[in-house]
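Peer 1: Okay, handing you the structure first.
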Amino acid sequence: MLEVSGIRKSTYFYAAPHAASDAAYKEGKDRPLAEEIERIFRANLRKYGVPRVAQELRNEGWGANGKRVERIMRERGLSAEPRKRAYRSYKGGVGKAAPDLLRRDFSTTETYQKLGADVTQFIAEFGKPCLSPVIDFRTREVLAYDISASPDYAQVRRMLESLVAVHSKRVKGAILTSDQGYRYRLTAYRRFLEGHGMRQSMSRKGNCLDNSPTESFFGRLKVEMY
């Protein structure tokens, strides 16, 4: 090894003990910072990468730069977990799509005129519960909802039955808009709305703003309560 590297034997034996002591010194010097990095990393559910950990350190008065934080995190095996993929309910051409009756006009003059429906998913330690509500665009009130581990048509059906049971004939004539998720494209869903005098509307494909009051409700719910 000495022949290949071109290092003299005397130089090697002089440097070896110093290198070991330097590593021990460096490890001891990094220990307080490393412990704080690990605390920040775990306190934020293993979601923070190097930039956000470094920013938290600066907020707390630590003078560590990004390269040092990156090295310590790498040595300790601290790597941010990737973001979970958002839930998608669209499944191609299943069922039949309805026209967009609202065209982003969410204005109303009274309750039960325009309603919104959608499903959102929560990531929890015990699973992925799904919330399916109906929102009144006039008052932003949740008129009915269902929570389930399976975001299928059975959940939407329970939500609709709850809507009719609580609000009875007041929903007659209402426009109920949703995205193009497969559960809203089924014949059973359309027939339920028709049977209770409601009109079906759907967002255009890939246009979440067509149902923005409902999407806004989900965003505010997760920020304030979850």
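Peer 1: So, of the residues in the stretch 142-194 that are surrounded by fewer than 13 Cβ atoms within 10 Å (Cβ to Cβ) and within 23 Å of L221 (Cα to Cα), which turns out to be farthest from the chain's Cα centre (by Cα)?
Peer 2: Ranking the qualifying residues of the stretch 142-194, first place goes to V166.
Peer 1: Pairs only if they're at least six apart or on different chains, beta carbon under 6 angstrom, first in the stretch 80-109 and on the phi > 0 side of the Ramachandran plot and surrounded by 13 or more Cβ atoms within 10 Å (Cβ to Cβ), second outside any loop (DSSP other than H, G, I, E, B) and at pLDDT below 80; list them, first residue then second.
Peer 2: none
Peer 1: Right, here's the next one. Do we have any residue at all in the stretch 169-179 that's under 27 Å from S107 (Cα atoms), in the same structural domain as G219 (by TED's automatic domain parsing), out of contact with any strand residue (DSSP E or B) (no Cβ under 8 Å at 6 or more places or on another chain) and part of a helix (DSSP H, G or I)? Working first, answer last.
Peer 2: Of the stretch 169-179, the ones under 27 Å from S107 (Cα atoms) are 169-179.
Going one step further and asking which of them are in the same structural domain as G219 (by TED's automatic domain parsing), we end up with 169-179.
Among the residues that remain, those that are also out of contact with any strand residue (DSSP E or B) (no Cβ under 8 Å at 6 or more places or on another chain) are: 169-170, 172.
From what's left, part of a helix (DSSP H, G or I): 169-170.
Yes.
Peer 1: Quick check on V134: is it buried (at least 16 other Cβ atoms within 10 Å of the Cβ), in contact with a helix residue (DSSP H, G or I) (Cβ under 7 Å, 6 or more places away or on another chain) and not in a strand (DSSP E or B)?
Peer 2: For V134, the condition - buried (at least 16 other Cβ atoms within 10 Å of the Cβ), in contact with a helix residue (DSSP H, G or I) (Cβ under 7 Å, 6 or more places away or on another chain) and not in a strand (DSSP E or B) - is not met.
Peer 1: Could you tell me how many of the residues in the stretch 183-209 are at pLDDT below 90 and either outside any helix (DSSP H, G or I) or within 23 Å of Y153 (Cβ to Cβ) (or both)?
Peer 2: Count: 5.
Peer 1: Separate question: Go through the stretch 96-130 and give me each residue that's β-branched (V, I, T), at pLDDT 90 or above and assigned to a loop (DSSP other than H, G, I, E, B).
Peer 2: Across the stretch 96-130, the qualifying residues are T108, T109, T111, V119.
Peer 1: Could you list all residues from the stretch 137-168 that are of a type in the set (A, V, I, L, M, F, W, C) and part of a strand (DSSP E or B)?
Peer 2: Pass one, the stretch 137-168, residues of a type in the set (A, V, I, L, M, F, W, C): 137, 142-144, 147, 149, 154, 156, 159-160, 163-166.
Of everything in the stretch 137-168, those that are of a type in the set (A, V, I, L, M, F, W, C) and part of a strand (DSSP E or B) turn out to be V142, L143, A144, I147.
The values are calculated or read from the model by the stated rules, or taken from the named source; none is laboratory data. Quantities reported herein were computed from a predicted structural model and do not represent experimental measurements. So basically every Cβ, Gly included, is an ideal-geometry build from the backbone, and we count neighbours across all protein chains shown.
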